[in-house]
Amino acid sequence: MVAFAADWPLMLFLAPVVIGIFIASPMGAPRLPEMGEARRRLLGLLFIEAGGFTASVYTWMIHNQMAATGTSELCAVKGLVQCGSVIGDPTYSTFLGLPWGIVGMGAFAVIGWLTLAMFMEMKADWAEKYLDYAWYLSLPGIAGIVWLIIVEMFLVDGAPHICPYCTCVHIALGATIFLLYSLRKNRDAGHWEITRQKSKEELLALARKGRK
Amino acid sequence: MKTDCTTRRALFEDENADARMGATFVISAALTIALVFVWIIAPPASIGVSEGQLAPEIIGQGYLDGGWEDFQLTDHINFSWVEGAEGQWILLQFIDTDCPHCWKSGADMSEHWPIFGDSGAVLYVTIAVEVVGNEHSRDEIVAFKEKQDYVGCKSTSNCENRPGDVHPWMYVDALNSDVSDDYALPGVPFELLLSPDGIVIWNGAQHKSDGLDTVDSALRHHLMEDA
């Protein structure tokens with residue numbers, strides 16, 4: 001546990017993911033009282049995607065070091081919780097010749113661009129379509145997560161191994177997919193608010209204030 | 001006459017393009033920062049077959065001492081090796097058991113093996129690929145290596161007549177692998193000499209007229225003259 005807490009890069013990548021989940025969850029509503037639910041979830045999504053993006057970049061750096069030197073100073077290369085056997089595996093560390101880190105970085109950059117554009121202009125005619133694009137783009141991530149967990153658990157040399165940075169990316173992607181799903185569901189139900197809808201009491205109070 | 005200019009007004013009202021442009025700038029900035037970090041801290045390794053590059057990984061099964069066993073090139077690489085230190089060099093030879101020039105090269109390999117390979121100074125590895133024809137098999141690879149009574153080497157010759165001696169080093173089966181593409185084979189036979197840290201020190205295709213165009217001359221130059 002101490003070693004886990006001392007792993008500051010991992011904490012650095014997990015922090016935005018956790019903050020994003022908090023913002024997007026109902027617990028985030030009192031902290032951002034003026035924001036509509038959809039906008040708050042988009043903000044949370046942006047934090048989560050930032051965490052996934054940076055963790056993916058880090059795994060790419062580990063991959064590069066492993067390929068060049070057979071070891072990495074950025075992550076443990078031995079033990080149950082390590083990156084060496086997973087990211088350094090010559091067979092399973094790439095997808096179509098590209099390191100998984102680049103795949104993750106590209107995926108989070110594209111989905112992040114869609115999310116940021118939506119967040120900046122929710123009322124635009126394309127914004128709701130972009131939500132669909134982001135959702136469809138994220139779906140192959142489910143197969144990616146399942147495959148990479150199988151690789152970690154059963155296929156790499158000396159399996160099982162758990163790669164903490166890969167797991168961070170998996171959590172970020174899983175949370176992204178869930179949030180996109182819930183955003184689409186809410187949008188289809190007619191909830192796509194920029195600001196929070198005020199209650200009758202709040203509207204009355206505002207009206208009285210205006211009269212004075 | 002008064003005219004209305006609509007262009008300016010449209011820019012103020014149509015903010016869709018601004019949002020997408022803004023998002024593009026932010027994501028581009030994030031990507032740029034990420035790439036700068038990667039290139040400073042851990043740039044991608046230069047992997048390839050040119051001299052000075054790290055040799056691509058080879059994974060497969062190799063035949064040695066009467067049986068097939070797992071082979072992985074990186075298992076034989078000492079990444080922490082520094083120039084001048086002790087270490088085992090690696091000679092990679094790519095052949096096709098049906099190719100006439102590979103057939104002839106069997107004798108050349110047998111000639112320098114006692115000097116460099118038998119002593120352990122150089123790890124000899126022959127990688128059998130499929131370049132000529134398509135009727136290769138593991139039996140043919142073993143017959144080529146061991147000079148067994150098997151018709152099929154050099155297309156229709158008996159493998160026991162291959163020039164040179166029985167080859168006592170490992171032959172790796174890469175008939176159905178991406179090794180040919182990874183190593184961008186210019187033809188066969190093709191040889192590479194790697195330093196103990198896996199860097200290509202000599203690529204036969206890069207030396208045509210400087211006196212280092214044969215494996216023997218390259219081995220002598222790098223292991224004897226340099227020492």
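Here are some notes:
- The residue pairs whose first member lies in segment B:210-227 and is modelled with pLDDT under 90, whose second member is basic (Lys, Arg) and in a helix (DSSP H, G or I), and whose beta carbons are closer than 6 Å, counting only pairs six or more residues apart or on different chains, do not exist in this structure.
To keep it simple, each residue is scored yes or no on (1) touching a residue at least 60 places away in the same chain (Cβ under 8 Å); (2) open to solvent by 60 Å² or more (accessible area, probe 1.4 Å); (3) of a type in the set (Phe, Trp, Tyr).
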residue: A:Tyr165; (1), (2), (3): yes, no, yes
residue: A:Leu173; (1), (2), (3): yes, no, no
residue: A:Leu179; (1), (2), (3): yes, no, no
residue: A:Arg184; (1), (2), (3): no, no, no
residue: A:Arg196; (1), (2), (3): yes, yes, no
residue: A:Leu204; (1), (2), (3): no, yes, no
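- Any chance A:Pro26 is over 16 Å from the mean Cα position of the chain (by Cα), open to solvent by 50 Å² or more (accessible area, probe 1.4 Å) and more than 27 Å from A:Phe154 (Cα to Cα): yes
- Segment B:141-167: number of residues that are open to solvent by 40 Å² or more (accessible area, probe 1.4 Å) and farther than 19 Å from B:Lys104 by Cβ: 1
- Scanning segment B:60-81 for residues that are more than 10 Å from chain A (Cβ to nearest Cβ) and part of a loop (DSSP other than H, G, I, E, B) returns B:Asp65, B:Gly66, B:Trp81.
- Tally of residues being among the hydrophobic types (A, V, I, L, M, F, W, C) and either touching a strand residue (DSSP E or B) at 6+ places or on another chain (Cβ under 8 Å) or open to solvent by less than 30 Å² (accessible area, probe 1.4 Å) (or both) across segment A:93-144: 16
- A:Thr54 vs. criteria open to solvent by 50 Å² or more (accessible area, probe 1.4 Å) and either modelled with pLDDT under 90 or not in a loop (DSSP other than H, G, I, E, B) (or both): yes
- Any chance B:Ser50 is within 20 Å of B:His207 (Cβ to Cβ), assigned to a helix (DSSP H, G or I) and in contact (Cβ under 8 Å) with a residue 24 or more places away in the chain: no
- The criterion of being within 14 Å of chain B (Cβ to nearest Cβ) and either aliphatic (A, V, I, L, M) or within 20 Å of the chain's Cα centre (by Cα) (or both) holds for A:Pro16.
- Subset of segment B:82-120 [in a helix (DSSP H, G or I), of a type in the set (A, V, I, L, M, F, W, C) and buried (at least 16 other Cβ atoms within 10 Å of the Cβ)]: B:Cys102, B:Trp103, B:Met109, B:Trp113, B:Phe116
The values are calculated or read from the model by the stated rules, or taken from the named source; none is laboratory data. Note that the structure is predicted; figures quoted are calculated from it, not measured. Virtual Cβ from ideal backbone geometry, glycine too; neighbours counted across all protein chains shown. Heavy atoms of the whole protein, side chains included, go into the accessibility calculation; ligands, DNA and RNA do not. Shrake-Rupley method; radii C 1.70, N 1.55, O 1.52, S 1.80 Å.
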